[in-house]
Amino acid sequence: MDLTKELSPFFDETRKRFIELSDEIWRYAELRYEEWDSARHHRELLEDEGFRITPHLAGMPTAFHAEAGEGGPVIAILGEFDALPGMSQQAGALSCIAAPETGDNGHGCGHHLLGAGAHWAAVAVKRYLARHGLPGRVRFYGCPAEEGGSGKTFMAKAGAFDGVDAALSWHPDYETGVVTTVTLANLQVLFRFNGVAAHAALAPHLGRSALDAVELMNVGVNYLREHMPGDARVHYAITDSGGASPNVVQAQAAVLYLIRSPSNETTRRLYERVCDVARGAALMTGCRVDIEFDKACSNLVFNRVLADAMHGSLTRIGEPRFDQHEIDAARALQQTFLADERQALRTEAGMEEVPAIGPLLAYCPESTRQSFASSDVGDVSWIVPTAQCVTACYAYGTAFHSWQMVAQGKSALAHKGLELAAKVLAMTAIDLLSNPQRLNDAKAELIAKGGGPAYRSPIPDGVSPQLKPSPDSPHGHRTA
Ligand SMILES: [Zn+2]
């Protein structure tokens, strides 16, 4: 029987449950490493479904995997659930209005959908294997802190993906297609300068300004930028300016740097140069600098074999269709974009008028494009063959990490994209489980590209994730 048809009743029966799950995670809107309710909700549903839970991956309380099935290959489906700070926004609103129920946070990157879609796919695969009495295992990975925490990189370093044969994931977007872009490696590091406080006017000669050191470091890095590869990126945020009084020489100050490039090796070398600039700034100002490695993630290794399999699934399901209500809602949302934004989108789309909802992307696996974003899926892709798709969940052109993205998080279009992603992931996983040769080919490709056993974590030994203390009662405890 055609797999699309066979899975159809399952998706009809379970639709309500997974839309509710996604909406509930949207409401929790929990930040990196604080996804207490989100992780618990996923875990409980998976446990009820008969999955075997392995909690606390890499020592992280909100990281876990849930496995079902026996023997055979292991397919990982990666889920996320973390939100972003300062992004609280009412669902469905057409202007920026905070939502009291989500506190200060909001799902500005659609990870509530990402996790629910991956979970839905894992349940579909589990039931399919059971119904047909087939060997094979499916594992849902609850991956915390994608935003600024690189949860998967810590999981990868701790061996959480060992024994997996292939990994699949997806991301909500405003277009639909198999991902053929590759993401940058990155590395985040805090430079903490320590000087000497003094009265700025009475005894300036006794002071050593840590803020001066931060400023000189930033100037130094501005010069460095001129002499680094054109596809590298270096950004910073001053996280401690040393106080609010100009009359006190700042005894401490700190700056957080995010360094990116297309490869782990180039990123590491750039990092060494940025550290030299920091030491130079410390020397110039008579301060001390402490360098605290925060987190890192690897560039993405594209896997053609797996991408082809995923593209096959998407093609079999067919191009998504949108009803008038979804198109009208997307058009109304697009009215909130700035004129400049609309112009840029017309250029991007190469059209006079941008579509309300993005079309199916052309599949071009021969020419992978460089994305200037980063993702901790990169580390998984170094260890096991990995493929990802995107599905249209938002009006065409919606900016990531914007209030518009949060506002559309519970829309009919978001739910449609969620379901399509779950179907693509489930069908691809089933295809791979019943096609061991394809898995072998995917692994051979990864090894030929330098991955597999040769993977080295970009995180130095001894660096731990920036975990948050577990609350006595999960925050708000707004349980479903
Ligand atoms: Zn994201």
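The values are calculated or read from the model by the stated rules, or taken from the named source; none is laboratory data. What you are looking at is a predicted structure, and each value in this text was computed from that prediction instead of being measured. Cβ sites come from the backbone with ideal geometry, for glycine too, and all protein chains shown count toward neighbours. Side chains are part of the model used for accessible areas, which takes the heavy atoms of the whole protein and leaves out ligands, DNA and RNA. Shrake-Rupley method; radii C 1.70, N 1.55, O 1.52, S 1.80 Å.
Per residue, how much accessible area does the chain show when a 1.4 Å probe rolls over the protein heavy atoms, in square angstrom?
I get 41 Å² per residue for this part.
Let's test the formula: R0 of 45 Å, r as the Cβ-Cβ distance of H325 and A373. What FRET efficiency results, to the nearest 0.05?
0.90
What does the convex hull of the Cα atoms of the chain come to per residue, in Å³, rounded to a whole number? Spell out each step's value before the answer.
On the way: hull volume 77.3 nm³, N = 480.
So the per-residue hull volume is 161 Å³.
List the pairs from K126/K423; K152/K295; K157/K295; K126/K152 whose alpha-carbon separation is above 19 Å, in the order I gave them.
Listed pairs above 19 Å: K126/K152.
Tell me the relative contact order for the range 185-297 as a rounded percent, counting alpha carbon contacts under 8 Å between residues six or more apart. Kindly include the intermediate steps, with their values, before the conclusion.
Working: 240 pairs, mean separation 51.5, N = 113.
46 percent.
Taking the Cα atoms only, what angle lies between the long axis of helix 264-285 and the longest principal axis of the chain, rounded to 10 degrees?
Tilt relative to the chain: about 20 degrees.
Nearest 5 percent is fine: what portion of the DSSP beta bridges confined to the chain is antiparallel?
65
Extending each Cα 7 Å along its Cβ direction at N440 and Y223, get the distance between those two points in nm, one decimal.
That separation, rounded to one decimal, is 5.8 nm.
Would you mind checking which residues have amide H under 5 Å from V384's amide H? H placed 1.01 Å from N; only 5 or more apart, or other chain.
Under 5 Å from the amide H of V384: no residue qualifies.
Between the helical axis of 304-317 and the dominant principal axis of the chain, each derived from Cα atoms, what acute angle in degrees is found, rounded to the nearest 10?
Helix 304-317 sits at roughly 50 degrees to that axis.
Compute the acute angle (0 to 90°) between the alpha-carbon long axis of helix 36-48 and the principal axis of greatest extent of the alpha-carbon atoms of the chain; round to the nearest 10°.
Helix 36-48 and the main axis of the chain meet at about 20 degrees.
Using θ = phi - 60° and the Karplus curve 6.51 cos²θ - 1.76 cosθ + 1.60, what whole-Hz ³J(HN,Hα) does each residue of the range 291-296 get, with Gly and Pro shown as x?
Each residue's phi maps through the Karplus curve to give 9, 10, 5, 9, 6, 8 Hz.
Could you list which residues have their amide H under 5 Å from that of L187, counting only those 5 or more apart in sequence or on another chain, with H placed in the peptide plane?
Amide H neighbours of L187: I259, C297.
List the residues of the range 371-410 whose backbone N lies under 15 Å from a point placed 7 Å from the Cα of M351 along the Cα-to-Cβ direction.
Of the residues in the range 371-410, 392-398 have backbone N under 15 Å from the label point off M351.
Ranked from highest to lowest mean number of other Cβ atoms within 10 Å per residue, what is the order of the peptides 334-340, 389-395?
Sorting 334-340, 389-395 by mean packing, highest first, produces 389-395, 334-340.
Please list, in chain and number order, the residues 5+ apart from I77 or on another chain whose amide H is under 5 Å from its amide H, with Hs placed from the backbone.
Here R139, F140, Y141, L168 satisfy the definition.
Based on the mean of other beta carbon atoms within 10 Å per residue, what is the order of 254-266, 430-442, 148-160, 200-212, most packed first?
Top of the packing list down: 148-160, 254-266, 430-442, 200-212.
Within the set of other residues whose C-beta is less than 9 Å from the C-beta of E30, count the net charge using Lys and Arg as +1 and Asp and Glu as -1.
Working: positive: R32; negative: E34, E35, D37, D82.
Once positives and negatives cancel, what remains is -3.
Return a whole-number percent for the relative contact order of the range 203-361, with Cα pairs under 8 Å and 6 or more residues apart as the contact set.
Averaging sequence separation for qualifying contacts and normalising by length gives 21 percent for the range 203-361.
Would you mind calculating the relative contact order of the range 3-155 from Cα pairs under 8 angstrom and at least 6 residues apart, reporting the percent as a whole number?
About 31 percent, as a whole number.
Kindly provide the helix-only [θ] at 222 nm of the chain, computed as the sum of -39,500 (n - 2.57) over DSSP H runs of four or more divided by all residues, to the nearest 500 deg cm²/dmol?
Mean residue ellipticity, 222 nm, calculated: -13000 deg cm²/dmol.
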